[in-house]
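The structure appears below as structure tokens.
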Amino acid sequence: MKNIYQLSAFMENRKGQLSDILSVLSEHGIDLRALNVAEVSDYGVLRLIADDPEKAQRALTEAGFVIAVNPVFAVAVPDRPGGLSELLQLLAADGVDIDYMYSVFGHKDGTAYMIIAAKNMQTMQASLDRNNIPAADSLALGI
């Protein structure tokens with residue numbers, strides 16, 4: 001698996017919470033490559049890919065936020081109608097159970113990237129290998 005790490009933070013469902021977290025990252029010169037917010041009534045979960053995940057984790061932890069770091073896949077998807085559907089069909093055929101996914105900011109050379117977390121990361125890696133689906137490395141994402 002390529003070394004792409006996602007930071008996750010639980011956020012109180014209150015005004016300014018996301019801004020507070022992003023301000024800490026900004027103050028430390030940390031740039032984002034992908035961001036996803038999922039919310040329920042009382043709290044939210046922020047998931048992000050930063051250009052320097054270790055520095056981002058350190059800065060947010062020092063600012064009092066509880067941060068988890070997990071490996072995820074950044075998977076290349078043809079940037080055309082049906083590209084994501086085709087990828088998901090291949091993964092499903094190989095028994096990959098996706099927990100969640102979200103897109104990366106921007107794309108280049110006709111390729112977009114999706115961040116994907118699977119219940120079994122080894123099954124996911126085997127499916128990517130078997131189907132010749134490229135996973136992005138940190139260089140491709142500008143990390």
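What number of residues in the range 55-105 are of a type in the set (A, V, I, L, M), outside any helix (DSSP H, G or I) and under 28 Å from Asn131 (Cα atoms)? Can you show your working first?
Initially, the range 55-105 is screened for residues of a type in the set (A, V, I, L, M), giving 56, 59-60, 63, 66-69, 72, 74-77, 84, 87-88, 90-93, 96, 98, 101, 104.
From what's left, outside any helix (DSSP H, G or I): 63, 66-69, 72, 74-77, 96, 98, 101, 104.
Okay, now just the ones that are also under 28 Å from Asn131 (Cα atoms), so 69, 72, 74-77, 96, 98, 101, 104.
Count: 10.
Scoring Asn36 on the criteria (1) buried (at least 16 other Cβ atoms within 10 Å of the Cβ); (2) more than 30 Å from Ile133 (Cβ to Cβ); (3) not hydroxyl-bearing (Ser, Thr, Tyr) leaves a single failure, condition (2).
Does the range 119-134 contain at least one residue that is within 18 Å of Ser8 (Cα to Cα) and in contact with a helix residue (DSSP H, G or I) (Cβ under 9 Å, 6 or more places away or on another chain)? Write out each step before concluding.
Keep residues of the range 119-134 that are within 18 Å of Ser8 (Cα to Cα), which gives 119, 121.
Now restrict to residues that are in contact with a helix residue (DSSP H, G or I) (Cβ under 9 Å, 6 or more places away or on another chain): none.
The answer is no, given that none of the residues of the range 119-134 is within 18 Å of Ser8 (Cα to Cα) and in contact with a helix residue (DSSP H, G or I) (Cβ under 9 Å, 6 or more places away or on another chain).
Residue check: is Ile21 outside the structural domain of Ile116 (by TED's automatic domain parsing), surrounded by 15 or more Cβ atoms within 10 Å (Cβ to Cβ) and over 16 Å from the mean Cα position of the chain (by Cα)? Taking the combined requirement at face value, the residue satisfies it.
Please go through the range 12-37 and give me each residue that is assigned to a strand (DSSP E or B) and modelled with pLDDT of 85 or more, ordered by number.
Taking the range 12-37 and keeping what is assigned to a strand (DSSP E or B), we get 12, 32-37.
Those that are assigned to a strand (DSSP E or B) and modelled with pLDDT of 85 or more: Leu32, Arg33, Ala34, Leu35, Asn36, Val37.
Residues of the range 87-123 that are under 20 Å from Val69 (Cα atoms), at pLDDT below 85 and crowded, with 16+ Cβ neighbours inside 10 Å: Val104, Tyr113, Met114, Ile115, Ile116, Ala117, Ala118, Met121. Consider the range 38-75 and keep the residues that are among the aliphatic types (A, V, I, L, M) and farther than 18 Å from Tyr5 by Cβ. The one that is modelled with the highest pLDDT is Ala63. On inspection, Leu22 passes the criterion of being farther than 17 Å from Tyr113 by Cβ and free of Cβ contacts under 8 Å to residues at least 24 places away in the same chain.
The values are calculated or read from the model by the stated rules, or taken from the named source; none is laboratory data. Note that this is a predicted model, so its numbers are computed, not measured. Note: ideal-geometry Cβ built from the backbone for every residue, glycine included; neighbour counts use all protein chains shown.
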